[in-house]
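The values are calculated or read from the model by the stated rules, or taken from the named source; none is laboratory data. In this text the structure is predicted, and so the values were computed from the model without any measurement. Glycine gets a Cβ as well: all are built from the backbone with ideal geometry, and neighbour counts include every protein chain shown.
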C-alpha cells in the first residue's frame, strides 16, 4: 500500500479545492458554497444521529427485562419520543438531500452552485436553530407524546415541553421548504448545455421528486403543529372532542405530511442505489425512463395514501377501502424499481466494493420493508398488528434498512470525491456486513413479537416476549458498533488515505470529471453534455487509476 | 441599463434574464408551499362546517361584517397599486413605483389598525373560546377558534408584507435597489398572495350562512 502511495505521489498535483479556499471558522460559517454547506449539514446531522441513537440504546437496554429496571415509565416515554423526533426531523428528513443532494446536485448537472446560495446557508442556520430548540425541549423538560403528537394527549394530558418541541419541528420546516425550493429551481434553471431532462442522473431525479414533496407536504405539518400549540397554549378548541372538535382531523393533517415524509426519506435513497449499482455493475441502469416515472409516481401517489395510518382510528370503512387500495398501488412503482435494480446487476461486471455492499443490503431490506408494508396496507391484517412491533419493524426496515444503508452507501461512494481520499475498503466492507447483520438481528425478531401481540411504546411487557427483546437488544449493540466504525476509518483516511484522483470508480457522471475534492467553482469550464447517463458499456476501463 | 444589469448579477448566474426567471420561479414554488399551509386551515374549516352546520351559522352572525368589508376594500385597493408598481418599475417609472409602494404599505397598516379595533370589540363581546363563551351550541367555539387563527396567521403574513414593501420602498428611494430588480416583482407576488388569502377568508368568516 505504501509502495503504491509513493509510486503515485509524483502524479498528484496540488490544486485549489473548495477545502483550501480559506481556513478560518468564518470562511465556513459564512460560506455560500454548496459543498461547504453540505459539510456543515453532514456534521450537524451526524451529531443528531448519535443523540437519537443514544436515546434508543437506553430504551433497548431497558427492554432486556420485562419489568422496569433502568428508567421510570415517564423517562421511557421521553426517551422514545426523543429518539423519534430527532431521528425523523433532524436526521432522516434532511439526511441525504441536505448533504449529498447539496454537494452533488450542482456537480451532477454541471452548475457552479445551487440557484439561491445565500438561501442555502440560511436554511442551515434555521436547521441548527430548530435543532437546538427541539433538543432543549426534549432534554430539559422532555416530551412523552411520541413523535406523532396525537391529540388529545398532546393538547391536554401530556406533561413536558410539547409546545417548545412542536415549535422546534415547526421551525425546521422552513429549512426543509427552503432546501426544496432551492433544489427545484436549480434543477430547472441551471442544467449545463446538453443536460436534458432525459440525461439527468437518477440521483438528480430523486432529489427533484423529494423536493416537490418537501415543498408541498411540510406546510401541512406546520399547520397541524400550529393548531396543536394554539389548543394547548391558548385553549383554542379545534381538535377537542368535548367542544365538538375532531381528534381524527389532527391525524389526517399529521399523516398528510408524515406519510409523504416517508418518501422524503426513501426517494433520495433510491437515487443513490441507481448511481452505485450502475457503477459497480458497469451497466446502464435498466429501464432508465421507467425509473424516472416510478420516482415521480411514488412522489405523487405518496400524497394520497395517508389514511392507512388510521384504519383503526374510526375512519369510515369506505375510506379504509380506498386508502387500502391506493396503498397497494404505491407499491407498484416501488416494485418496478426493485426489479430494475436487480436487472441492472444481471450480466453486469460486478465489483463487490463497500458502496455496492451497502446498496445490496439496501435492496434486500427495502424489499422486506416494502412487502411487510403490503401486509399493513391490507385492512384485516392491519387491525391485528396495528401499533405492535410489527409496524415498528416494518418502518425501521424502510427507514434504517433502506435510507440509512443508502446514506452509508453514498458516504462510501462519494467520499473520495468529497475528501479526495480513499478509505480502507476492507474495513468498509466489514462495516457494511456488520451493519446488515446487526440490523437483521435487531429487527427480524420484532416482526415475530409484533405478530404475536407485543404492543409498541410499552415499558413493561409479558415475560413471553423477553427472548425476542434480548435478541433485538443484542442486535442493536452490533448495529451501534457498525455505525461507529466508519467514524474511525473515515477519519483515518482523511490523513492517511491514498489520494483518490478524479474518478477512482471509473464512474460516469459529471461529478467524476472534475478534481477530487472539486475546486470552489466546481468545473474549470462549464461542461457540455453530449451523451446519455450511465454510458458504461463503452467505457474503456481506463481512467487515472489503471 | 447594461451596467445596472451586471450589478444585479449574483453567483452562480451568468445571465440576468435567467436569474430573474429563477427568482420568480423560486418564489412561485414558495407560494405553492404557502397555499398548502393555509390549505390545512381551510380543511379544518370545511370539516368542522360539515360537522356543525348550525353552530357555524350562529357563529358567523357574530363577526363584524362592517370591519370585514372595509378591510376587504382596503386590500383590494392595495392590490391595484401593487400591480401599478410591478408593471411600472421595469418600465423605469420611478415615481409610480415609490408612490405605489407607499400607498400599499399605508393601506396594509390601516388594515391592521381596523383589524385591531375589531379584535378589541370581539374580546369585549367575549368571543374568545374558553369558559364563559357566550354562544350556543358549544361548537361555535370552533368557528371562533378558526376565526382567531385564520385572521391571526393572515395578519402576520400581512405584517411581513408591509415590512418587505417598506424595505424595498426605502431602497428604491435611496437608489440602492434598481427599478428592474426581480425583488420588486417577488414582493409584488407575495403581496397579491396575502390579498388572495383574505379574499377566501372574508366569505368564510363573514358571509357564508350569514343571511340564510
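Observations on the model:
- For region A:189-205, the tally of residues that are assigned to a loop (DSSP other than H, G, I, E, B), within 14 Å of chain B (Cβ to nearest Cβ) and either surrounded by 12 or more Cβ atoms within 10 Å (Cβ to Cβ) or in contact with a strand residue (DSSP E or B) (Cβ under 6 Å, 6 or more places away or on another chain) (or both) stands at 3.
- Where residue A:123 falls short, out of the listed (1) away from every other protein chain (no Cβ under 12 Å); (2) surrounded by 21 or more Cβ atoms within 10 Å (Cβ to Cβ); (3) in contact (Cβ under 8 Å) with a residue 40 or more places away in the chain; (4) farther than 30 Å from residue A:513 by Cβ: (4)
- Total residues in region A:258-283, condition at pLDDT 95 or above and either in contact with a strand residue (DSSP E or B) (Cβ under 8 Å, 6 or more places away or on another chain) or not in a helix (DSSP H, G or I) (or both): 0
- Under the condition of being within 12 Å of chain A (Cβ to nearest Cβ) and either touching a strand residue (DSSP E or B) at 6+ places or on another chain (Cβ under 7 Å) or in a helix (DSSP H, G or I) (or both), the residues counted in region B:117-150 number 11.
- Among the residues of region A:88-101, those identified as crowded, with 24+ Cβ neighbours inside 10 Å and under 17 Å from residue A:254 (Cβ atoms) are A:89, A:92, A:93.
- Flag if residue B:41 is in contact (Cβ under 8 Å) with a residue 40 or more places away in the chain, at the interface with chain A (Cβ under 7 Å from one of its Cβ atoms) and in contact with a helix residue (DSSP H, G or I) (Cβ under 7 Å, 6 or more places away or on another chain): yes
- Qualifying residue in region B:102-111 (condition: assigned to a helix (DSSP H, G or I) and under 19 Å from residue B:205 (Cα atoms)): yes
- Meets criteria (crowded, with 17+ Cβ neighbours inside 10 Å and not in a helix (DSSP H, G or I)) for residue A:493: no
- Where residue A:501 falls short, out of the listed (1) in a helix (DSSP H, G or I); (2) at pLDDT below 95: (1)
- Of the residues making up region B:7-20, those that are crowded, with 16+ Cβ neighbours inside 10 Å and either in a loop (DSSP other than H, G, I, E, B) or at the interface with chain A (Cβ under 8 Å from one of its Cβ atoms) (or both) number 2.
- Residues located in region A:212-249, provided they are in contact (Cβ under 8 Å) with a residue 40 or more places away in the chain, facing another protein chain (nearest Cβ under 10 Å) and over 27 Å from residue A:97 (Cβ atoms): A:231, A:239, A:240, A:248
- Counted residues, region A:128-162 - those being surrounded by fewer than 19 Cβ atoms within 10 Å (Cβ to Cβ) and in a helix (DSSP H, G or I): 9
- When each of A:157, A:170 is tested for being over 22 Å from residue A:293 (Cα atoms) and within 12 Å of chain B (Cβ to nearest Cβ), the lone residue that passes is A:170.
- Filtered residues of region A:284-309 (kept if on the phi < 0 side of the Ramachandran plot and in a loop (DSSP other than H, G, I, E, B)): A:284, A:285, A:286, A:305
So that you can scan it fast, the table gives a plain yes or no per residue for (1) within 14 Å of chain B (Cβ to nearest Cβ); (2) touching a strand residue (DSSP E or B) at 6+ places or on another chain (Cβ under 7 Å); (3) modelled with pLDDT under 95:
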site	(1), (2), (3)
A:8	no, yes, yes
A:11	no, no, yes
A:38	no, no, no
A:51	no, no, no
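- Number of positions in region B:58-81 that are away from every other protein chain (no Cβ under 14 Å), over 18 Å from the mean Cα position of the chain (by Cα), assigned to a helix (DSSP H, G or I) and farther than 13 Å from residue B:145 by Cα: 2
- Condition check for residue B:114: touching a helix residue (DSSP H, G or I) at 6+ places or on another chain (Cβ under 8 Å), surrounded by fewer than 21 Cβ atoms within 10 Å (Cβ to Cβ), farther than 19 Å from residue B:49 by Cα and more than 9 Å from every other protein chain (Cβ to nearest Cβ): yes
- Those residues of region A:89-110 which are within 15 Å of residue A:262 (Cβ to Cβ) and in a helix (DSSP H, G or I), in sequence order: A:89, A:91, A:92, A:95, A:96, A:97
- Scope region B:29-38; condition touching a helix residue (DSSP H, G or I) at 6+ places or on another chain (Cβ under 7 Å) and either surrounded by fewer than 20 Cβ atoms within 10 Å (Cβ to Cβ) or within 7 Å of chain A (Cβ to nearest Cβ) (or both); matching residues: B:29, B:30, B:31, B:32, B:33, B:34, B:36, B:37
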